[in-house]
Amino acid sequence: MKHIVKIITLLVAISAVWIGLLEMSVVPRSQTWLLPIYFIVSLGCYGLLMVGIGLMHFPTCPQEAVLLQQDIVEAKDFLKQRGVDVNSE
Amino acid sequence: MEDVRPEGGAGDKYSLIVPTYNERLNIALIVYLVFKHLRDVDFEIIIVDDGSPDGTQDIVKQLQQVYGDDRILLRARPRKLGLGTAYRHGLKHASGNFVVIMDADLSHHPKYLPSFIKKQQETGASIVTGTRYVKGGGVHGWNLMRKLTSRGANVLAQTFLWPGVSDLTGSFRLYRKSVLEDLINSCVSKGYVFQMEMIVRASRKGYHIEEVPITFVDRVFGSSKLGGSEIVEYLKGLAYLLVTT
Ligand SMILES: Nc1nc2c(ncn2[C@@H]2O[C@H](COP(=O)(O)OP(=O)(O)OP(=O)(O)O)[C@@H](O)[C@H]2O)c(=O)[nH]1
Ligand SMILES: [Mg+2]
C-alpha cells in the first residue's frame, strides 16, 4: 500500500468518527468546523514544537573538529614520507 | 555477544565506495584514515572519480603505490556524471559481500567504520546507517539556518513518511551487497533525496536496518558540489516518496 493511501485512510477514519459524533449529536452541529481546524492547528503546533526542541537540543561536537585536525596532521605527515603529494590547497 | 570483535567475520569482505570530484587532498587523508582504523579487516576502497580537473586521480595513483592497487581501485569516469550513477558504477566493481558508501570530504570519518561492522555482526542487519541525531552523534560547523532546515526537513519526513530511522539524509551507510543492488535499481532520485529514497524504500521492503551514532564535521577542504534550491528539491522528493512508496 502506498504511503499516501495510509495517510488518507487515517484521515478518512478520523473524519468518520467525527461525522459519527455529529450524527449522534454528541457534538452540536454548529461546531462542525471545529475538528478540522483543531487538527490543522495542533499539527502545526506539533511541528513547530518538534523543530524548536530539535534546535535546542541540536547535538554538536566541537571537540570532533579538533580531533579531525590532529588526524589531518598525522595523515599528512605519513603520506608525505611515502611520497604522496599532500601539499596542495 | 561479548566476544564479537570489530574485525571482519569469516570470509566477509567490505568494499568501500567513495565518489570523488575535486577531492585531491581529502582522498589521500581518507585513505590513510581507513587503513588506520580497519587493521584486521578484508576490504578494498573503490574510488569513483569523475574526471576531476584538480588531479584527484594522480593522487589516487600515488596512493596505489603506497597501499597496493588491489586495495585501492580507481574506477574513473570521463566526466561529472552525478552521484547516483557513481555509486552504481562503483558497485559494479565491488568484490566484497558488504558495501560501505561514504563521502570523501572527511565529514564521514573512517574511525566509525569498526562500529558499523560490529553493529552488523551483532545484529545481522542488512543495512547499518550512520545517524547524527542520537546520543553520541552530532554535527559541527553548521550555522543556525543549516540547523533549522535540517530539523525542519527531519520533522516533516518523520511526520509524513514514518521511515523508522532517525537520520534520513545522511549517506554514511553499510549495506549487504545484494541489498544495495536491489535498492539502487529501484531508486530514481538525484542528489541527497537519493539517500532518503534509498533508506525509505529499504524500510518499506522490510530490510533489517540498524543505526550507529556518527559525528559529522562539515568539510574543511575543497568546496561543496551540491547546492541550488535544496529546499524545493527536498519537498519534491518528499511528495514523490509519499506517492511511490
Ligand atoms: N564521482 C562523483 N562524485 C561526486 C559528484 N558530486 C559530488 N561527488 C562526491 O560526493 C561526495 C559528497 O559531495 P559533497 O560535495 O560533499 O556534498 P555534500 O556533502 O552534500 O556537501 P558539503 O556541504 O560540501 O559537504 C564527495 O565525496 C564528492 O567529492 C559527482 O558528480 N561525481
Ligand atoms: Mg560533504
Quick calc, B:Phe160 & B:Arg39: beta-carbon distance into FRET formula, R0 56 Å, rounding 0.05, result 0.85
Mind checking A:71-83 for the average number of partner chain beta-carbons within 10 Å of each residue's beta-carbon? 5
Among all the aspartates and glutamates, which ones have a C-alpha under 19 Å from B:Lys118's C-alpha, if same-chain residues fewer than 8 places away are not counted? B:Glu2, B:Asp3, B:Glu7, B:Asp12, B:Asp40, B:Asp42, B:Glu44, B:Glu210, B:Glu211
Please rank A:Leu49, B:Leu81, fewest neighbouring Cβ atoms within 10 Å first, as an exposure proxy. A:Leu49, B:Leu81
Quick note, the protein assembly as shown: a/c under 1.5 would make it rounded; otherwise a/b > b/c is prolate and the rest oblate (a ≥ b ≥ c, C-alpha gyration tensor); here it is prolate
If you average 1/r over all unlike Cα pairs in chain A and invert the result, what Kirkwood radius do you get in angstrom? 19.0
Helix-only [θ]222 nm of chain B, DSSP H runs n ≥ 4, -39500 (n - 2.57) each, per residue, nearest 500: -13000 deg cm²/dmol
If contacts are Cα pairs under 8 angstrom and at least 6 residues apart, what is the relative contact order of chain B in percent? 24
Let me confirm the definition first: pairs of Lys residues in the range B:120-245, 8 or more apart or on different chains, C-alpha distance under 29 Å. How many are there? 15
Cβ neighbours within 10 Å from other chains - mean over A:51-59: 6
Cβ neighbours within 10 Å from other chains - mean over B:20-29: 3
Computed about the Cα centre, the charge dipole of chain B from +1 Lys/Arg and -1 Asp/Glu charges at the Cβ has a magnitude in debye, to the nearest 20, of 500
For the range B:107-245, averaging the sequence separation of alpha carbon pairs under 8 Å that lie six or more residues apart and dividing by its residue count, the contact order in percent is 41
Built amide H within the under 5 Å cut-off of B:Phe43, gap 5+: B:Tyr14
Set of lysines near A:Lys80 by C-alpha distance (under 25 Å), chain-local residues within fewer than 8 positions excluded: B:Lys36, B:Lys61, B:Lys111
Which order do B:Lys61, B:Lys119 fall in if you start with the one that has the fewest other Cβ atoms within 10 Å? B:Lys61, B:Lys119
Ascending count of other beta-carbon atoms within 10 Å, so fewest first, for B:Phe194, A:Phe39: A:Phe39, B:Phe194
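Quick note: the coordinates plus some simple rules give every number you see, no bench work behind them. Note that the structure is predicted; figures quoted are calculated from it, not measured. For neighbour counting, all protein chains shown are included, and Cβ atoms are generated from backbone atoms with ideal geometry for every residue, glycine included.
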